[in-house]
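Report on the structure given below.
The values are calculated or read from the model by the stated rules, or taken from the named source; none is laboratory data. Just so it is clear, the model here is predicted, and its values are computed rather than measured. Note: ideal-geometry Cβ built from the backbone for every residue, glycine included; neighbour counts use all protein chains shown.
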Amino acid sequence: MKHERCHLENKWEEADKLLTDLLNIKSVNGRDDEGQVALFLKAYFESFGISSEIQKIDEKHSNFVTHIPGRDHSRHILMNGHMDTVPYGDLDKWNTDPGTAVLDPEGRVFARGASDMKSGLAMLSYAIAHVAEKGTPAFDITFAATCDEEKGGLGANVFSESKLLPKVTEILIGEPTYLNLGIAQKGCLWLELSFEGITGHGAYPEKGLNAIEEGMRVASLLKAAVQKESNPVLGHATAQVTKIEGGVAPNMTPDRCVLLMDIRMVPGQTKEDVLRCLSEILKDRNKIDPRLICHYEVKNERVSVEIGRDARLTKDLKHILERQGEEPEYTGISYFTDGSAILKALPDAGVLLFGPGDPELCHQANECVELEKYHKAIEVLMEFISNGK
């Protein structure tokens with residue numbers, strides 16, 4: 001695949017073409033070959049004379065990585081974006097083909113991934129390539145486009161465990177923030193709870209131990225404990241039962257129940273805190289009825305992420321946005337990003353989210369991005385990469 005560069009009359013024609021080209025490469029998680037996006041990016045950067053590497057994981061998954069030295073080697077920023085999208089959903093709810101970029105008269109581009117987050121990926125690619133072509137960036141840059149973010153974070157995990165990840169000082173992720181500064185994101189804990197009770201005749205519930213009722217009681221107590229914690233930007237932590245299995249027949253007391261809980265933790269709240277709460281709840285329940293048995297398994301863990309308002313990266317982007325006439329807000333997101341996976345390898349690096357996409361449109365039918373926001377995001381990022389502040 002070769003990316004042809006040409007001289008274009010419209011200032012933003014090349015940037016818009018980059019965006020639509022990325023959107024037209026189908027990269028639905030679990031269905032398509034996300035490596036095609038990585039190959040496209042490699043060709044794009046090669047057209048600027050910038051070398052890069054494809055980190056192949058399997059037949060459908062690859063990462064794209066490039067390293068660009070800057071003037072200040074004491075500052076090294078990892079810029080990251082993911083290449084995959086979620087499925088299209090109900091096609092009848094779309095006004096356009098979600099697999100093809102469509103520009104409307106109001107300057108919006110519609111397609112799956114327009115906001116989440118191929119506009120952010122295009123922003124990073126365009127800004128990095130153009131600044132590097134004209135001169136030397138203000139700081140060292142590693143740009144990593146990762147796969148499988150929407151499901152298991154395979155790309156970020158493999159990248160973080162490889163030699164391709166240097167010791168960076170800061171991390172900037174192009175997730176949709178609508179030009180605001182994403183300074184916090186909730187962590188995630190998927191917890192499977194397996195309860196064992198005592199079966200019996202449905203007419204004599206007092207002789208058995210209802211595993212479903214006990215499981216829901218424990219889940220309710222854990223939810224209440226988890227949701228006491230809060231964050232000024234993110235609000236309260238959340239917890240909910242998202243899946244339940246149990247029971248044999250209408251006239252039998254269930255002796256088995258398996259619950260899956262989706263717990264979203266705020267910064268300062270950890271997996272260990274949640275499991276400690278669970279242990280205390282189970283001890284209290286066993287005092288009431290020692291026959292109850294509960295086993296748990298952590299199915300997924302993503303740490304919460306937070307960067308200070310006074311952090312260098314936050315202040316630099318804020319000042320540039322304000323100089324360019326924007327009034328950015330400090331925001332947070334309740335879902336996790338690849339930042340939480342990368343932080344396992346670099347726990348001291350601050351993570352800031354900044355991108356042109358609208359977080360309200362993520363995973364929705366008729367997902368789109370405003371070209372005005374996309375262009376402004378590129379201008380902000382190019383100034384940052386060029387001058388460092």
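Across segment 47-63, a minimum of one residue is classified as buried (at least 22 other Cβ atoms within 10 Å of the Cβ) and under 23 Å from A349 (Cβ atoms). H3 meets the conditions (1) touching a helix residue (DSSP H, G or I) at 6+ places or on another chain (Cβ under 7 Å); (2) at pLDDT 95 or above; (3) closer than 28 Å to D104 by Cα in every case but one. The failed one is (2). Within the set L165, L179, the sole residue that is assigned by TED's automatic domain parsing to the domain that holds Q36, among the hydrophobic types (A, V, I, L, M, F, W, C) and crowded, with 23+ Cβ neighbours inside 10 Å turns out to be L179. Taking T136 as the residue in question, decide whether it is farther than 25 Å from M265 by Cα, surrounded by fewer than 24 Cβ atoms within 10 Å (Cβ to Cβ), of a type in the set (V, I, T) and in contact with a Gly (Cβ under 8 Å, 6 or more places away or on another chain). Criteria met by T136.
For segment 94-108, the tally of residues that are under 24 Å from D33 (Cβ atoms) and assigned to a loop (DSSP other than H, G, I, E, B) stands at 7. The lone criterion from (1) surrounded by fewer than 19 Cβ atoms within 10 Å (Cβ to Cβ); (2) not assigned by TED's automatic domain parsing to the domain that holds M79 left unmet by G308 is number (2).
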